[in-house]
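**Student:** Got a structure for you, written out below as structure tokens; questions coming shortly.
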Amino acid sequence: MTAIKIIDNRRLYDASSTDFVISDPRIASASYASVLNHMLHDGQYVEMIHLYAISAALNVAFQSYAPPSPSLGLLDSPYTCVVVGCGVKISAPRFTVMWTSTTVPSDSNEALDINHVVLLAKRSTSSPEQPVNCDTDDYDVEPLQEDDRTCDYLALAADSFAAADPVQDNSEIAPPPTSIRRT
């Protein structure tokens with residue numbers, strides 16, 4: 001759903017557009033082709049613009065939280081904000097997504113490697129001691145079938161957008177500290 005939002009609303013998710021949803025200049029964003037490509041393929045980077053697309057796709061406001069990081073010079077991070085995607089009514093955040101790292105630097109002068117996000121949500125009180133059994137068939141969503149071509153179609157659409165997008169040489173620009181790799 002998120003990829004479809006990005007495809008259908010290029011002007012909102014393309015950093016070169018005057019309608020780009022992120023106005024804070026401290027938040028870097030990749031080219032539109034990269035943003036779309038990263039959304040369509042597992043193991044790719046996720047950045048702040050993806051959170052806005054997720055908010056729009058889920059039709060929910062949520063909190064983005066980046067813990068203070070003196071090593072990155074981020075005591076007041078632009079990544080700590082309420083994310084309200086296009087068409088979403090401003091409301092109290094329903095959950096929090098925290099930018100974090102799987103490792104702690106051994107040296108206090110070493111930069112923190114922000115490499116994933118964690119969903120922080122209130123635990124259900126209906127049955128707190130019952131583990132979730134993921135091996136049952138009690139899901140409301142049908143699993144993708146092997147003949148499902150949705151992902152192939154979206155990947156093909158992303159490739160065609162990438163071909164139309166001018167290639168930018170960003171070799172001298174370091175990725176923003178909040179770009180993470182989905183695993």
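**Student:** I'd like the full set of residues that are modelled with pLDDT of 80 or more, hydroxyl-bearing (Ser, Thr, Tyr) and either surrounded by fewer than 10 Cβ atoms within 10 Å (Cβ to Cβ) or over 15 Å from the mean Cα position of the chain (by Cα) (or both), limited to the stretch 70-100.
**Tutor:** Hits for the stretch 70-100 are Ser77, Ser91.
**Student:** I'd like to check something: does the stretch 9-18 contain any residue that is under 14 Å from the mean Cα position of the chain (by Cα) and either within 28 Å of Lys122 (Cβ to Cβ) or buried (at least 19 other Cβ atoms within 10 Å of the Cβ) (or both)?
**Tutor:** The answer is yes, given that some residue of the stretch 9-18 is under 14 Å from the mean Cα position of the chain (by Cα) and either within 28 Å of Lys122 (Cβ to Cβ) or buried (at least 19 other Cβ atoms within 10 Å of the Cβ) (or both).
**Student:** Answer yes or no: is there a residue in the stretch 82-105 that is of a type in the set (Phe, Trp, Tyr) and in contact with a Lys or Arg (Cβ under 6 Å, 6 or more places away or on another chain).
**Tutor:** Checked against the condition, which is being of a type in the set (Phe, Trp, Tyr) and in contact with a Lys or Arg (Cβ under 6 Å, 6 or more places away or on another chain), the stretch 82-105 yields no hits at all.
**Student:** Of the residues Val35, Val82, Val46, only one is within 30 Å of Val104 (Cα to Cα), free of Cβ contacts under 8 Å to residues at least 24 places away in the same chain and of a type in the set (A, V, I, L, M); which?
**Tutor:** The match here is Val82.
The values are calculated or read from the model by the stated rules, or taken from the named source; none is laboratory data. Given the structure is predicted, the values throughout are model-derived calculations rather than measurements. A quick note on method: Cβ atoms are made from the backbone with ideal geometry, for glycine too, and the neighbour counts reach across all protein chains shown.
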